[in-house]
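Here the structure comes first, spelled out in structure tokens, and everything after it is commentary.
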């Protein structure tokens, strides 16, 4: 009786699997989410319906139009790689374009510094210690 029940169960499962609709990854439609579509627009004349170019940056700049970087509300006064940046605080453009700070260092006033041990920038930029900076704390364990 148990063997017959198992055999009947296997036949039912096989029949259900054979009649179930199959979908492959190739048949599932893909596209952009509504969120992404709201923040991007179609490129003019592009034949591919999934090709989108990003909206122009509000503070995009070039060597010809770097004046927009000094406008009120701009992220910074310097044009680096098509973007307005603050070279006094940007970790990727510290003190000038494409001068990235190494791991563990922070850009303070256009210099890459170690906030854990720099006496002039202890724990944060412009936090000066009278004696010494240890692990971001002024005069620790003295």
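Taken together, the values in this text are just the output of simple stated rules run on the coordinates, not laboratory data. Quick caveat, the model's predicted, so the values are computed rather than measured. Note that each Cβ is placed from the backbone with ideal geometry, even for glycine, and that neighbours are counted across all protein chains shown.
By counting other Cβ atoms within 10 Å of each Cβ, how are 134, 78, 19 ranked from fewest to most? Provide the component values of the computation, followed by the final result.
Values: 134 15, 78 20, 19 7.
Exposure proxy ranking, most exposed first: 19, 134, 78.
Ranking 118, 92 by Cβ neighbours within 10 Å, fewest first, what do you get?
Values: 118 21, 92 15.
Going from sparsest to densest Cβ surroundings: 92, 118.
From Cα pairs below 8 angstrom and at least 6 apart in sequence, can you work out the relative contact order of the range 58-100, rounded to a whole percent?
Working: 70 pairs, mean separation 11.7, N = 43.
Here the relative contact order equals 27 percent.
Take 131, 3, 99 and order them by how many other Cβ atoms sit within 10 Å, fewest up front. The partial results should precede the final answer.
Values: 131 10, 3 7, 99 16.
Placing the least packed residue first, the sequence is 3, 131, 99.
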